[in-house]
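Q: What follows is a single structure, and I will ask about it in a moment.
The values are calculated or read from the model by the stated rules, or taken from the named source; none is laboratory data. Given the structure is predicted, the values throughout are model-derived calculations rather than measurements. Glycine gets a Cβ as well: all are built from the backbone with ideal geometry, and neighbour counts include every protein chain shown.
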Amino acid sequence: MGCFVQKVAYVNVQDATLEGRALPVFESIDGLLIPLVEQLEEIVLLATAGAAPSDVLITYVNSAFTRLSGFTFDEVAGLPPQFLRGWHPEWDTLHAIYQRLNRGEVVRENAHVVCRSGEELAAEFVAIPIRKRDGTISHFGAVARPLTQERRSTQLLHELSGRLLRVQDVERRSIARELHDSTAQDLAAVAMSLSSLQKRLEGRDEATETVLADSVAVVQQCYNEIRTLSALLHPPLLDVLGLHRAVPHYVERFAQRSGLKIAVDMDDQLGRLGREVETALFRIVQESLGNVSRHSESPSATVRLRKSEHAVILEVEDRGIGLPAEVRAKINDPGAALGIGITGMRERLRQLGGLLQIDSTKQGTIVRATVPLP
């Protein structure tokens with residue numbers, strides 16, 4: 001399947017006849033790929049390229065499409081893919097996908113294809129732009145794989161996890177704002193009132209002065225803790241100035257609290273990355289440094305953040321004792337049962353099409369998060 005997708009992306013498409021049907025021929029290999037495509041268990045669909053959904057019309061479907069959906073090639077030829085309804089029922093979403101394809105991007109999505117019987121076929125698909133020899137995009141191609149019940153259950157679990165993470169981030173942002181704008185300000189007002197009362201009663205009653213001084217100190221401590229908690233839940237710098245400003249600020253504060261010596265090595269040209277990407281990477285920095293402080297016995301750590309043409313790469317490295325041997329043996333197995341922290345980091349990256357890698361030895365651990373750029 002991978003070879004098919006790679007090959008199709010760079011060859012011409014033209015009409016030919018096979019068993020009385022109009023089929024595209026991949027001329028660079030004399031159409032020899034067509035019989036193979038006809039034998040695939042996966043759905044293969046080709047359509048003319050276009051900027052608007054109404055311009056994208058089906059030119060080919062393979063036998064698996066007919067077998068699984070119940071629609072023949074003659075019934076769907078010349079129709080837009082959205083007639084299947086479940087592929088992408090939202091017009092804006094469909095338009096966005098076609099825009100990405102016209103930019104030369106590869107799109108991976110999940111969908112429900114509505115079959116002739118009315119049943120919905122759950123599938124995951126990859127869509128690619130198909131170029132002519134002169135480099136212009138002439139067609140869009142899609143390969144769809146029906147989801148088994150097990151894969152569908154896993155996919156639904158990932159989707160639910162993604163929603164929960166997004167809801168969690170929204171709630172954290174809301175609570176952080178409420179703590180900062182309301183609770184912290186109320187405590188500041190109480191501290192000011194106590195200080196004013198303290199000045200008025202100065203020299204009158206030593207016992208009262210002691211109580212007031214203790215009260216002012218407690219309120220000030222609560223105020224500082226509320227501000228710290230608010231920043232941990234969701235630092236305002238992340239929304240206002242972005243990840244490249246929020247990470248150094250957070251690291252500085254974390255180093256003060258933990259006693260760790262933490263270096264930050266960051267790409268000066270990082271820029272803004274989008275809210276979801278910045279939030280995910282910031283949470284991974286938080287989780288990783290927390291693990292360093294609690295478990296690694298490392299006196300220091302390094303946070304690196306790099307941006308390439310195609311991806312953003314975050315690394316958090318320590319020089320501690322490493323993970324236990326039984327954890328190291330399964331740390332990079334996506335299906336392994338691990339702690340909540342690692343599972344949460346992996347799920348955040350999965351929602352963004354990213355990858356979490358953890359390399360750990362007795363000399364230290366590197367947590368590496370890679371997020372592809374659109």
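Q: Hey, among 201, 232, 241, 237, which residue is hydrophobic (A, V, I, L, M, F, W, C) and more than 23 Å from the chain's Cα centre (by Cα)? I'd like the intermediate steps shown before the answer.
A: Details: 232 fails: more than 23 Å from the chain's Cα centre (by Cα); 241 fails: more than 23 Å from the chain's Cα centre (by Cα); 237 fails: more than 23 Å from the chain's Cα centre (by Cα).
Matching residue, one of 201, 232, 241, 237: 201.
Each row is one residue, and each column tells you yes or no for (1) in contact with a strand residue (DSSP E or B) (Cβ under 6 Å, 6 or more places away or on another chain); (2) without any contact (Cβ under 8 Å) to a residue 12 or more places away in the chain; (3) under 23 Å from residue 169 (Cβ atoms); (4) not in a helix (DSSP H, G or I).
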{"site": "247", "(1), (2), (3), (4)": "no, no, yes, no"}
{"site": "250", "(1), (2), (3), (4)": "no, no, yes, no"}
{"site": "263", "(1), (2), (3), (4)": "yes, no, no, yes"}
{"site": "269", "(1), (2), (3), (4)": "no, no, no, yes"}
{"site": "287", "(1), (2), (3), (4)": "no, no, yes, no"}
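Q: Report the residue count in the range 67-102 for those that are at pLDDT below 70 and outside any helix (DSSP H, G or I).
A: Total satisfying the criteria: 6.
Q: Return a yes/no flag: does the range 306-322 have any residue that is surrounded by 18 or more Cβ atoms within 10 Å (Cβ to Cβ), hydrophobic (A, V, I, L, M, F, W, C) and free of Cβ contacts under 8 Å to residues at least 40 places away in the same chain.
A: No, there is no match, as no residue in the range 306-322 is surrounded by 18 or more Cβ atoms within 10 Å (Cβ to Cβ), hydrophobic (A, V, I, L, M, F, W, C) and free of Cβ contacts under 8 Å to residues at least 40 places away in the same chain.
Q: While we're here: Restricting to the range 66-78, count the residues that are under 33 Å from the mean Cα position of the chain (by Cα) and free of Cβ contacts under 8 Å to residues at least 60 places away in the same chain. Write out each step before concluding.
A: Initial filter on the range 66-78 (under 33 Å from the mean Cα position of the chain (by Cα)): 68-69.
If we keep only those that are free of Cβ contacts under 8 Å to residues at least 60 places away in the same chain as well, we get 69.
Counting residues in the range 66-78 that are under 33 Å from the mean Cα position of the chain (by Cα) and free of Cβ contacts under 8 Å to residues at least 60 places away in the same chain gives 1.
Q: Looking at (1) modelled with pLDDT under 50; (2) part of a strand (DSSP E or B), can you tell me which one residue 4 breaks?
A: Among (1) modelled with pLDDT under 50; (2) part of a strand (DSSP E or B), residue 4 violates only (2).
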